[in-house]
Amino acid sequence: MNCSLPDRVLLSYAMDGQRDRLYLQSLWDFVTAKEPLIQSPFFPVLFSFTAYMTFCLPYIALDFLSTRLPNLRKYKIQPQNYPTLGMMVPCIIQSAYHHVVLIFPVTFLHWYWRPMNLPVIAPELPEVLLEVGVCLLLFDFEYFLWHLLHHKVPWLYKTFHKVHHKHVSTFALTTQYSSVWELLSLGFFAAINPVLLGCHPLTEMIFFLVNIWLSVEDHSGYDLPWSTHRLVPFGLYGGAPHHDLHHLKFKSNYAPYFTHWDKFFGTFTESHSN
């Protein structure tokens, strides 16, 4: 076949796009094979709690191992503070309680009024990456405003946000240790953005997983060599050191993930790894 260079480039792009679509289609076919479970009113709460506990488990293991292994201890942001089992158990109980008593009724009403329709075709990879990125940026902005307001207004802080600041040295299970209002507010922000963007259900699921993972990593208390903030250049992403400093100092670093809003509003404090 005789093809000019532009034709070969276009053909290469087309083949790459087909491969991307094939991979995502295989993943989506696997997901839709469990359609009765996904369309069940129980799925959102099971999905959320299972993902949350799964992402917390590696850090729980680190908390127990690093007290005995110096090579792991060096990655702890506040090495003088370690969570005990007595601190972890109430966090797990509260999270399970909130999922059953609060999140399930909300997702049940959503299931009743707006049933999920599962399309046959999977989204394209560039579409997924773009929409997940936009959802993260929107959530980061919404949470920054919410967070800043709840620190600047004493009544809001004492009534709703103080619960989350019980632990000055964070650990993974403190991610969802919060008041009912905070849990529902942040859950609303996370849920509404994919709807506003008209995201494919697979994109929505991927965003939820990424958002939960990043939240857990932020509260993990560890600055690991492969942590997200080390993978994003130019200090655009704060990560665990950025958010850990917020819990330690209380008056800076209000954005959950990125650093640009704190820098713009003058609430940024640079974190330093161990």
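The values are calculated or read from the model by the stated rules, or taken from the named source; none is laboratory data. Note that the coordinates shown come from a computational prediction; the quantities given were computed from them, not determined experimentally. Quick reminder, even Gly has a Cβ in these numbers, built from the backbone with ideal geometry, and neighbours come from all protein chains shown. For accessibility, only protein heavy atoms count, side chains too; no ligands or nucleic acids. Shrake-Rupley method; radii C 1.70, N 1.55, O 1.52, S 1.80 Å.
List of remarks:
- Residue within segment 156-167 that is open to solvent by less than 30 Å² (accessible area, probe 1.4 Å) and not in a helix (DSSP H, G or I) present: yes
- Some residue of segment 206-216 being in a helix (DSSP H, G or I) and without any contact (Cβ under 8 Å) to a residue 60 or more places away in the chain: yes
- Among residues of segment 54-77 that are closer than 29 Å to F208 by Cβ, those with a Cβ under 7 angstrom from a residue that is outside any helix (DSSP H, G or I) and open to solvent by 80 Å² or more (accessible area, probe 1.4 Å), sequence gap 6+ or separate chain, pair up as I77/N274.
- Selection within segment 192-238 - of a type in the set (V, I, T) and under 20 Å from F268 (Cα atoms): T228, V232
- On inspection, L102 does not qualify as under 21 Å from W28 (Cβ atoms), touching a residue at least 24 places away in the same chain (Cβ under 8 Å) and out of contact with any strand residue (DSSP E or B) (no Cβ under 6 Å at 6 or more places or on another chain).
- Of the numbered criteria (1) surrounded by fewer than 15 Cβ atoms within 10 Å (Cβ to Cβ); (2) of a type in the set (A, V, I, L, M, F, W, C); (3) over 16 Å from L202 (Cβ atoms), the one M53 fails is (1).
- When K166 is tested against (1) at pLDDT 95 or above; (2) charged (D, E, K, R); (3) touching a Ser or Thr at 6+ places or on another chain (Cβ under 9 Å), only condition (1) is not met.
- Residue in segment 187-209 that is over 18 Å from L149 (Cβ atoms), of a type in the set (S, T, N, Q) and open to solvent by 10 Å² or more (accessible area, probe 1.4 Å) present: no
- Restricting the search to helices (runs of 4 or more DSSP H) fully inside segment 218-274 and requiring at least 3 residues that are in contact (Cβ under 8 Å) with a residue 60 or more places away in the chain gives 239-249, 260-265.
- Segment 229-244: number of residues that are of a type outside the set (K, R) and touching an Asp or Glu at 6+ places or on another chain (Cβ under 9 Å): 9
- Within segment 176-186, the set of residues being part of a loop (DSSP other than H, G, I, E, B) and open to solvent by less than 20 Å² (accessible area, probe 1.4 Å) comprises S178, S179.
- Taken together, L46, L69, L27 contain a single residue that is open to solvent by 60 Å² or more (accessible area, probe 1.4 Å) and at pLDDT below 90, which is L69.
- So L130, is it within 22 Å of I38 (Cβ to Cβ), in a helix (DSSP H, G or I), free of Cβ contacts under 8 Å to residues at least 12 places away in the same chain and open to solvent by 30 Å² or more (accessible area, probe 1.4 Å): no
- Candidate set: segment 89-121, residues that are at pLDDT 85 or above, outside any helix (DSSP H, G or I) and more than 14 Å from S40 (Cβ to Cβ); chosen: the one least open to solvent (accessible area, probe 1.4 Å): P119
- Residue that is farthest from S95 (Cα to Cα) [pool: residues in segment 33-42 that are assigned to a helix (DSSP H, G or I) and touching a residue at least 40 places away in the same chain (Cβ under 8 Å)]: E35
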